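Colleague: Before anything else, here's the structure in question.
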Amino acid sequence: MSFGLLGIGEVLWDLLPSGPQLGGAPANFAFHARALGAAAGVISRVGRDQNGDRIRERFAAAGFRLGDLQVDDAVPTGTVTVALGAAGIPEYTIHENVAWDRLAVTSAARSGVENLDAICFGSLGQRTPVARLAIQTLVAATSLRAWRIFDINLRQHYFSRSVIEDSLKLANVLKLNDAELPVLAGMFRLAGSPAEQIATLGLQFDLRVVALTRGPAGSLLWREGEFADCPSAPVEVVDTVGAGDAFTAALVMGLLRNLQLAEINAGANEVARFVCSQAGATPSLPSALARRYAD
C-alpha cells in the first residue's frame, strides 16, 4: 500500500555556499517521504521564471503532480540565502514578496487534499495573510482520518502566537526542536521539564503525537501519555539542512505503518543522522533506510 502525503507551504532555492539547493520544509518533507515509499507531493507556488522552471523540472523528475504547483505571474520564485555557522548549523536570510507568499485555494488544491493520509505544514509558509488562509483552509479540508503534522519551523520573526495557536488547533501531530520548545513554553506558560512541557502541549491542544528533536541528544516522542526517548549516535556532520524535515517524513511513515513508538523514534533518528552526514537537504537515502517502511 502506498500512502498519499503532501507538504504544503514554501518551496524555494536555498542559496548555499556550495551552490543552490532545492529547499523549503514542505518540499524536503515530500522528497524524503517519497524516498521512504510514499506517494508524496507538494502544494506550493513558484514564479514564472527560471527558478520556477527548474523547480517544475525537479518535481516532474521526482514524480510529483505538477498540478499541485501554482505559477505566479507577478512575483519571483522564493529564495533563501543560507550561511553555515558553527557545527554546520544554518543561518537563513529569507527573502520576502515571493510566489509562495501568495499561495491560493484552487480547485486543484482542494481536490488534492481530500483523500490524503497525511499533510505537513509549518509556520513560515503562513507569514502572509493570503498564504495563511490558504494553508489553514486546505489542511482543514483533509479527512478526519488524516495525520495533520504541524512541523513548526520557527524562522526569524516570521511567526506569531495566533498562527501557532490556530495551527495547533488544526493539527493532530506537533514536531518541534529544542530551540523552539522554550518559545512555546513562554508563549503558553508551560512549566516543568521538556517532557512535561510537550505532554502539556499534547493535552492542551488534543494532539495525538508530539515529537521533540534535540540535535546530538536525540529525540523524545509523546503519544497519548506514552513516551519514547531515543539518544542519538555519533555522526560526522556536514550540514544539518533538511535533517528535521527528514525526521518528520520518517516519523509520519512510522505512524502510517503503525510501528511501535520506540521504533518510530529510532527510525526517524537514523534517517535524520544520515541527512546530517551529507551535503544539502535531500540527499539520496540508502535503500536500507527505506526498507524499514516497506510493506
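Colleague: For a paramagnetic label modelled at 7 Å from the Cα of Asn258 toward its Cβ, which residues of the stretch 102-139 fall within the zone defined by backbone nitrogen distances under 18 Å?
Modeller: 117-118
Colleague: Shape of the stretch 124-279 from its Cα gyration tensor (a ≥ b ≥ c, root eigenvalues): rounded if a/c is under 1.5, otherwise prolate when a/b > b/c, or oblate?
Modeller: Rounded.
Colleague: Could you tell me the distance between the Cα centroids of the stretch 28-50 and the stretch 115-168, to the nearest Å?
Modeller: Cα centroid to Cα centroid, the span is 16 Å.
Colleague: If you take the beta carbon distance between Arg145 and Arg291 as r and set R0 to 22 Å, what does 1/(1 + (r/R0)^6) give as a FRET efficiency, to the nearest 0.05?
Modeller: Taking R0 as 22 Å, the efficiency between Arg145 and Arg291 is 0.25.
Colleague: Let me ask something else about it. Given points 7 Å out from each Cα along the Cα-Cβ axis, report the Ser111 to His157 separation in nanometres with one decimal.
Modeller: 4.2 nm
Colleague: Return the single residue from Gly78, Gly63, Gly202 with maximal mean-square fluctuation; model: Gaussian network over the chain, springs between Cα atoms under 10 Å.
Modeller: Its mean-square fluctuation being the largest, the pick is Gly63.
Colleague: With a cut-off of 8 Å between alpha carbons and a minimum separation of six or more residues, what is the relative contact order of the chain in percent?
Modeller: 17 percent
Colleague: Is the shape of the stretch 13-103 rounded, prolate or oblate, going by the alpha carbon gyration tensor and its root eigenvalues a ≥ b ≥ c, with a/c under 1.5 for rounded and a/b larger than b/c for prolate?
Modeller: Judged from the Cα gyration tensor, the stretch 13-103 comes out oblate (a/c at least 1.5, b/c at or above a/b).
Colleague: Express in nm, to one decimal, how much length is gained between Val130 and Thr93 on full extension, taking 0.36 nm for each residue of separation and deducting their alpha carbon distance.
Modeller: Extending this stretch completely gives an extra 11.2 nm.
Colleague: Would you please put 96-106, 36-46 in order of how densely packed they are, using the mean number of other Cβ atoms within 10 angstrom per residue and starting with the highest?
Modeller: Descending mean neighbour count gives 36-46, 96-106.
Colleague: If you put +1 on each Lys and Arg Cβ and -1 on each Asp and Glu Cβ, how big is the dipole of the chain around its Cα centre, in Debye rounded to 20?
Modeller: The dipole magnitude comes to about 440 debye.
Colleague: Quick one: dipole size for the stretch 90-206, taken about the Cα centre, charges +1 on Lys/Arg Cβ and -1 on Asp/Glu Cβ, in debye to the nearest 20.
Modeller: That gives the stretch 90-206 a dipole magnitude of about 280 debye.
Colleague: Among Cys276, Ser160, Pro216, pick out the residue whose Cα is farthest towards the positive end of the charge dipole of the chain, where Lys and Arg carry +1 and Asp and Glu carry -1 on C-beta, about the Cα centre.
Modeller: Working it through, the farthest residue towards the positive pole turns out to be Ser160.
Colleague: Still on this model: Relative contact order (percent) for the stretch 4-135, with alpha-carbon contacts under 8 angstrom and 6 or more residues of separation?
Modeller: That works out to 30 percent.
Colleague: Same structure again: What value, in deg cm²/dmol to 500, does the helix sum -39500 (n - 2.57) over DSSP H runs of n ≥ 4 give at 222 nm once divided by the residues of the chain?
Modeller: -11000 deg cm²/dmol
Colleague: Have a look at the DSSP beta bridges in the chain and tell me what percent are antiparallel, nearest 5.
Modeller: Around 40 percent of the beta bridges assigned by DSSP in the chain are antiparallel ones.
Colleague: Using the charge dipole of the chain (Lys, Arg: +1 at Cβ; Asp, Glu: -1 at Cβ; taken about the Cα centre), state which of Phe247, Gly202, Val139 has its Cα farthest towards the positive end.
Modeller: Of the candidates, Val139 comes out farthest on the positive side.
Computed from the coordinates by the stated procedures, all read-outs in this text should not be read as laboratory data. Bear in mind the structure is a predicted one, so any value in this text is a computation, not a measurement. When we count neighbours, we look across all protein chains shown, and the Cβ atoms used for this are built from the backbone with ideal geometry, even at glycine.
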